[in-house]
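Written out below as structure tokens is the structure these notes cover.
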There are 2 protein chains.
Amino acid sequence: MTDSKQVKPGVAASLTTLNVVVAGTGKVGAEFLRLLASQQQRFAGQIRLNLCAILNSRQALLSDTIESQAWSSAFSDAKPYQQANLVAYLAALPSPKVLIDITPSQDFARLYPAFIAAGCHLISANKQGVTLPGAEYQQILQALVRSGLRWLSNTTVGAGIPVQRVMQELLQSGDQIREVSGVFSGTLSWLLCQYDGTTAFSELVLQAQQLGYTEPDPRDDLSGKDVQRKLLVLARELGAELELADIELEPLLPAGLADGDLAGFWQQRQQLDLMLAEAYAKATAENKVLRYAASLCLVDGQVQAGVRLVAVDNKAPLAALAPCDNIFVITSDWYQQNPLVLKGPGAGLLVTAGGLHADLAELVKSVR
Amino acid sequence: MTDSKQVKPGVAASLTTLNVVVAGTGKVGAEFLRLLASQQQRFAGQIRLNLCAILNSRQALLSDTIESQAWSSAFSDAKPYQQANLVAYLAALPSPKVLIDITPSQDFARLYPAFIAAGCHLISANKQGVTLPGAEYQQILQALVRSGLRWLSNTTVGAGIPVQRVMQELLQSGDQIREVSGVFSGTLSWLLCQYDGTTAFSELVLQAQQLGYTEPDPRDDLSGKDVQRKLLVLARELGAELELADIELEPLLPAGLADGDLAGFWQQRQQLDLMLAEAYAKATAENKVLRYAASLCLVDGQVQAGVRLVAVDNKAPLAALAPCDNIFVITSDWYQQNPLVLKGPGAGLLVTAGGLHADLAELVKSVR
């Protein structure tokens, strides 16, 4: 049903204000702020979304009310960023308030306990917070429980694809999730969907780099570490007390190529090409396709988690992918024979900024 | 994040009670009630889920508190069902309260305005309410807005697959949905996934009937009317003011076979077999597969909706289906090149009863 059904009549006089703090002014942050103006209008009858701070690692604009359309020019007058100023400002803000972390910074994520102490709900696109060492992560969870605050992080895996929300929904409805597997990297998805053995794999890596699909050093993608991190997020979503190192990782790189400088890697790229050509030939002979897959099994309280190159049957759920797609395959008590599958672009400005607005809309439900 | 983060400390003293009324004691209703006991425990720290009425078209047990584990024996003592008694009982129940409609009855859905007047939130597995003639449907929506009540109906399409919830989330986040297409019938999905031209199509229909996958008269499935009804639900979710008759319908039946008695249909089954054999041969020659698909396009305020047998490319999203799967393909401003895809079993006791508990858990968020 559309949300019009939830609008309460005659509430204009007592409209709640949600104070919104945006950390991170990169591409996704800028897109989030661009979309904010129309969201302020959409929610105008239900809640006032008040943009009251914008910051990045260099500057902070801490101001009662910022026009979201004109944030960029206002931000050009921002003062230098100082952690203590930010925390004091947050503590003084009237509740409800939310800090939206669109930075890539682990240092910033380590301030979450301070933000919670200041009374802020949290929305994270930043994967660093949800993948902190277990003890720190648990401290954040406990602080949230004590203060009745929420932490939404649905864009940390799969951008706008609501995989965490769907998993939470199953758990809240009484289902038991047994297995989550999938392809969590749009870049590696693109590479393996394109690769058909006729072009050297490293040529595709170069193309992907030129298209802006890879990290500056493409080995950061090929290492699988980002996929490993995302699998940790989903494992913790399911309540598994896991650390990054508990997740087996087989990089999409021959052993010697992971280290050293980038130039050295390109010189040895033939090893990578050979590795892929062999795997491709073997897979095709068995009517299979190559995917860089993550999988997590929960059996009798035991967790098995790993990230690796696999050959999957042509008709398997992981096979039917468009380039750049992420896919999530959930098997549970209720979804045993036919799993529940979510698929779509796992990265991109619009879907990530949109996913952050989905988190904000979800928060609005509980604070208005 | 897990919901543990949302638990508020020290609220036991002021715990809200949500009064739960269950209408419909068929297979899904019984499964819903079986799962209720563990959900009452799950939410015990947050809200008291009080089962206080169970009814079907013959009997009604209207009782302050019913032990959900022992509902069946308690229900055997139920009095005859009388509409006026039910409405008076609902009106007298303390709020918040929810009526969960797991009946197949249009007459019962026509009582929704009375249930809303009595202060009930609604959860419907019954498709009749969300597909009433437009004027009646709009009256229900308006009554809900006036009274600040919610109507959740996520199991009416795709059972537990949260397609409506995901569409709402996109709309609430500021996205514009342009197209929704998919396979909405598990039965027709099974038939077309099994059919490979070697066995007559009508033989598969007989098999599906024996497996309990079809309606008693399989033409009720082959007519496509159930798919048409589900597409209407999704169209209205998007705000389109549509009636059933506005959705073009090409049944999976040759023209003469839709009417008359069932024995006559089986006598003429060769016509059906011929129709499918021809379509299959044509599709295979083009490297395509057959699917019975629904599609809805929204362009400049214009709506085009239809339900028909189509041949889709081997690599199209609709192709990659397991037997019984439903699939939903959403194209929007954000999901243009790669659509957002949801897939899974579109029917079944557990996934439907589970989906109703997902709706109940969603309602709990807003009333606790």
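The values are calculated or read from the model by the stated rules, or taken from the named source; none is laboratory data. The structure displayed is predicted, hence computed values, not measured ones. Note: ideal-geometry Cβ built from the backbone for every residue, glycine included; neighbour counts use all protein chains shown. The accessibility values were calculated without ligands, DNA or RNA, using every heavy atom of the protein model including side chains. Shrake-Rupley method; radii C 1.70, N 1.55, O 1.52, S 1.80 Å.
Database remark: amide H of residue A:97 closer than 5 angstrom to the amide H of A:19, A:121 (H placed geometrically; neighbours at sequence offset of 5 or more, or on other chains; Pro and chain starts carry no H). Counting Cβ atoms of other protein chains within 10 Å of each Cβ in A:340-350 and taking the mean gives 6.
For region A:165-346, DSSP calls about 95 percent of its internal beta bridges antiparallel. What sits nearest the axis between copies B and A, counting only chain B Cβ atoms, is the residue and whole-Å distance B:320, 2.
Counted residue by residue at 0.36 nm each, then reduced by the alpha carbon distance between them, the extension gain from residue B:107 to residue B:285 reaches 59.3 nm. Say a paramagnetic label sat at a point 7 Å from the Cα of residue B:261, along Cα to Cβ; which residues of region B:190-232 have their backbone N under 11 Å from it? Answer for region B:190-232: none. In this assembly of identical copies, the label point of residue A:146 (Cα plus 7 Å along Cα-to-Cβ) is separated from its counterparts by 4.9 nm, sorted shortest first. Return the percentage of antiparallel bridges among DSSP beta bridges fully within chain B, rounded to the nearest 5 %. Antiparallel bridges make up about 60 percent of those DSSP assigns within chain B. In chain A, helices alone account for a calculated mean residue ellipticity at 222 nm of -11500 deg cm²/dmol, with every DSSP H run of four or more residues adding -39,500 (n - 2.57).
Along each principal axis, taking the top coordinate minus the bottom one, the Cα set of chain B gives 69, 48, 38 Å in descending order. Taking amide H as placed 1.01 Å from N in the peptide plane, the amide H of residue A:215 sits under 5 Å from that of A:221, each at least 5 places away or on another chain. Look at where the Cα atoms of region A:270-317 and of region A:150-178 average out, and the two centres are 25 Å apart.
GNM on chain B, alpha-carbon springs under 10 angstrom: the most fluctuating residue among B:316, B:347, B:91 is B:316. Computed from the C-beta positions of residue B:138 and residue B:83, the FRET efficiency with R₀ = 25 Å rounds to 0.60.
Candidate cross-link partners of residue A:97 among the lysines, defined by an alpha-carbon separation under 28 Å and a same-chain spacing of 8 or more, comprise A:5, A:8, A:27, A:79, A:127, A:230, A:365, B:5, B:8, B:365. Residue by residue along B:331-338, Cβ atoms of other protein chains within 10 Å of the local Cβ number 6 on average.
Loop-resident chymotrypsin sites (Phe, Trp or Tyr not before Pro) (DSSP state other than H, G, I, E or B) in region B:41-80 with no more than 15 further Cβ atoms inside 10 Å of their Cβ are absent. Taking θ as phi - 60° and the Karplus parameters 6.51, -1.76 and 1.60, the scalar couplings of region A:239-253 work out to x, 6, 8, 10, 10, 3, 5, 6, 9, 4, 10, 10, x, 8, 8 Hz in sequence order, x denoting glycine and proline.
Starting from the label point of residue B:216 at 7 Å along Cα→Cβ, the same points in the other copies fall at 7.1 nm, in ascending order.
To the nearest ten degrees, helix A:269-285 and the longest principal axis of the Cα atoms of chain A are 80 degrees apart. Based on Cα atoms of region A:165-346, Rg over Rh with Rh as the Kirkwood radius reads 0.98.
The convex hull of the Cα atoms of region B:75-224, projected and averaged over all directions, covers 12.8 nm². Calculated accessible area for chain A comes out at 41 Å² per residue, all protein chains present (probe 1.4 Å; ligands, DNA, RNA ignored). Across all C-alpha atoms in the protein assembly as shown, the radius of gyration and Dmax reach 26.7, 83 Å. Remark: label point of residue A:91 defined 7 Å out from Cα along the Cα-Cβ vector; separations to the same position in other copies 5.5 nm, ascending. Defining a contact as two alpha carbons under 8 Å apart and six or more residues distant in sequence, what relative contact order in percent does region A:165-346 show? Result for region A:165-346 is 34 percent. The mean number of Cβ atoms from other chains found within 10 Å of a Cβ in peptide B:316-323 is 4, as a whole number.
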